[in-house]
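First the structure, in the form of structure tokens, and then the observations on it.
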Amino acid sequence: MVARVMIAWELGGAFGHLARCLRLAEGLRQRGHAVTLALKDVRLPAGQCIGQGFTVLPAPMTPQGVAGHGSPANYADVLLGSGFADAHDVAARLNAWRGMLSLAQPDVLVADYAPTAMLAAHLAGIPHLAIGNGFAIPPAVSPWPSIRPWEEIPEETLREAEARLNRVTDAAQIAQGHAATVRMRELFGADDILDTVAELDHYGERRAGRYVGPIVSLPQALRVDWQRREVPKVLAYLRPAVPGFAAILQALARLDADVLCVAPGMNPEAAKRVATRHLRMALTPVDLAPLLEVADLAVGYGNGGFSTQALLAGVPLAMRPCNVEQMLLARRIELLGAGKLLEGRLDADKATASMQELLVKPCYRQAANAFRDRHRQFSPSQAMEQSLSLIERTLAGGSRSNAHETQERPPRCLH
């Protein structure tokens with residue numbers, strides 16, 4: 001069945017979402033489907049381009065990080081801090097997504113962390129499914145669970161966060177003329193695709209979860225080789241916003257190792273100043289897979305794609321998370337024994353000691369190798385094939401949206 005597919009990306013940053021969207025778009029195009037990409041950021045990394053045959057649209061702008069919102073307790077709280085605190089804003093985005101869906105006329109919407117797009121598709125009777133890591137697709141439990149398991153958060157706090165979210169989305173839908181409203185938890189279901197493995201699911205393993213493994217790597221990534229054979233090889237993937245970024249770079253420069261640090265967003269002049277003969281800096285995406293095949297250590301910030309690729313290659317990780325999503329993943333990796341969190345106040349001495357421990361102590365490598373061996377049958381092409389098949393199955397099965405008929409009425413203003 002040849003179909004029109006819209007792939008939407010609304011929340012979250014970094015290259016992971018973009019890479020997944022581009023890989024899916026190309027795979028669907030090769031199967032003969034027409035693809036529209038609605039992207040949070042239409043700017044591509046240097047060296048990247050979108051192939052012929054795609055329509056690219058900017059996604060409606062969503063406020064990020066509401067001031068004073070505090071640390072989110074669960075997925076509902078994450079949304080409240082990411083553009084879902086005000087019914088006027090949600091209603092405006094619903095209207096914009098409705099217009100985009102009307103123009104593109106998709107037969108199915110594939111949502112990569114795109115909750116407003118999913119809600120708009122659901123209300124329009126368009127089949128939809130979510131794709132992403134565990135964090136972006138909450139489990140089917142009530143209330144949605146805490147995303148801060150290291151803290152004691154009362155269940156009432158979790159329930160109240162979802163109740164607040166429901167009040168906002170109900171008001172937004174009513175303002176758009178919908179008499180019967182849909183709750184955000186109704187948008188997720190059995191068709192959703194988890195592009196991770198159960199051991200690394202932020203919420204823990206789901207018995208009915210559709211785990212396909214990571215859809216990794218950007219197309220057209222630069223191929224880079226290691227320079228030195230006789231020393232350990234360290235691959236870092238960092239961003240300037242990582243807490244202690246400068247200290248980590250100093251630690252990397254101190255290692256007696258062949259070090260390559262990929263640092264998108266870093267100032268080129270600053271990168272030149274820190275680079276040495278043994279520490280190379282790359283500011284654009286590189287092909288990670290061949291580097292990880294022989295790497296001895298990976299250094300990241302709990303970013304899902306890079307962390308999972310490293311573990312699948314049997315490479316232990318040093319991790320310095322930026323946010324709660326990355327912290328959840330980093331803690332899971334640490335519990336597996338395959339990595340170490342760079343916690344607390346970080347200086348170059350502390351970072352260096354942690355990296356040297358990871359390089360010297362065999363237990364970390366053994367745990368990473370055990371992870372690799374458990375998933376030896378995984379291949380990125382298999383993950384892509386499964387994902388495309390599941391999208392086409394949703395197309396063939398029709399919509400799970402609009403379980404009830406939605407009575408339309410003219411939009412009204414919110415007061």
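The values are calculated or read from the model by the stated rules, or taken from the named source; none is laboratory data. Just so we're clear, the structure is a prediction, and the values are computed from it rather than from any experiment. Neighbour counts run over all protein chains shown; Cβ positions are idealised from the backbone, glycine included. What goes into the accessible areas is simple: the full protein's heavy atoms, side chains included, and nothing from ligands, DNA or RNA. Shrake-Rupley method; radii C 1.70, N 1.55, O 1.52, S 1.80 Å.
Could you give the length gained by full extension between ARG164 and ASN95, i.e. 0.36 nm per residue of separation minus their alpha carbon distance, to one decimal place? The partial results should precede the final answer.
Numbers: separation 69, 0.36 × 69 = 24.84 nm, distance 2.12 nm.
Stretched fully, the ARG164-ASN95 segment lengthens by 22.7 nm.
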Self-check item: Degrees between helix 245-254 axis and first principal axis of the chain (Cα, 0 to 90, nearest 10)
Solution: 30 degrees
Quiz item: Nearest 0.05, what FRET efficiency do VAL231 and GLN382 give at R0 = 41 Å with Cβ-Cβ as r?
Solution: 0.75
Practice problem: Could you tell me how many degrees, from 0 to 90 and to the nearest 10, lie between the Cα long axis of helix 380-397 and the main elongation axis, the longest principal axis, of the Cα atoms of the chain? | Solution: 0 degrees
Exercise. Please state the charge dipole magnitude for the chain, taken about the Cα centre, from unit charges on C-beta atoms (+1 on K and R, -1 on D and E), reported in debye and rounded to the nearest 20.
Key: 740 debye
Quiz item: Going down the list LYS272/LYS340; LYS233/LYS350; LYS272/LYS361, which pairs span over 30 Å between their C-alpha atoms?
Solution: LYS272/LYS361
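Once Rh for the stretch 129-178 is found with the Kirkwood sum over Cα pairs, what is the Stokes-Einstein diffusion coefficient at 20 °C and 1.002 mPa s, in µm²/s? Mind dumping the intermediate values first?
Values: Rh = 12.9 Å.
In µm²/s, the coefficient is 167.
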Quiz prompt | Hz values of 3J(HN,Hα) by residue in the stretch 292-309 - Karplus curve (6.51, -1.76, 1.60), Gly and Pro given as x | solution = 6, 4, 10, 6, 9, 7, 10, 10, x, 10, x, 6, x, x, 5, 4, 5, 4
Quiz prompt | Cα-projected label distance for ALA190 with LEU335, points at 7 Å along beta-carbon direction, nm | solution = 2.7 nm
Practice problem: Give the shape of the stretch 227-384 as rounded, prolate or oblate, defined through the alpha-carbon gyration tensor: a ≥ b ≥ c are the square roots of its eigenvalues, a/c under 1.5 means rounded, and otherwise the shape is prolate if a/b is larger than b/c and oblate if not. | Solution: rounded
Quiz item: What ranking of TYR75, TYR203 comes out by heavy-atom accessible area, probe 1.4 Å, highest first?
Solution: TYR203, TYR75
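Report the extension gain between VAL141 and ARG223 in nm, rounded to one decimal, defined as 0.36 nm multiplied by the number of residues separating them, less their alpha carbon distance. Could you put the intermediate results ahead of the total?
Details: separation 82, 0.36 × 82 = 29.52 nm, distance 4.32 nm.
That pair, VAL141 and ARG223, stretches by 25.2 nm at full extension.
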Quiz item: Can you give the Kirkwood hydrodynamic radius of the stretch 35-192 from its Cα pairs, in Å with one decimal?
Solution: 16.6 Å
Exercise. Report the full-extension gain for the segment ARG31 to ALA198: residue separation times 0.36 nm, less the Cα-Cα distance, to one decimal in nm.
Key: 57.3 nm
Quiz item: Can you give the accessible area of HIS122 in Å² (nearest 10), computed on protein heavy atoms with a 1.4 Å probe?
Solution: 10 Å²
Self-check item: With Cα atoms, 0 to 90° folded angle of helix 362-374 axis to the chain main axis
Solution: 40 degrees
Exercise. Give the whole-number value, in cubic angstrom per residue, of the convex hull volume spanned by the C-alpha atoms of the stretch 221-276.
Key: 88 Å³
Quiz item: Can you give the helix-only mean residue ellipticity at 222 nm for the chain, where every DSSP H stretch with n ≥ 4 adds -39500 (n - 2.57) and the sum goes over all residues, rounded to the nearest 500 deg cm²/dmol?
Solution: -12000 deg cm²/dmol
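Charges only on Cβ, +1 for Lys and Arg, -1 for Asp and Glu: so what's the dipole of the stretch 69-165 about the Cα centre, in debye to the nearest 20? Mind showing how you got there, number by number?
Values: 5 positive and 11 negative charges, 71 e Å.
For this selection, approximately 340 debye.
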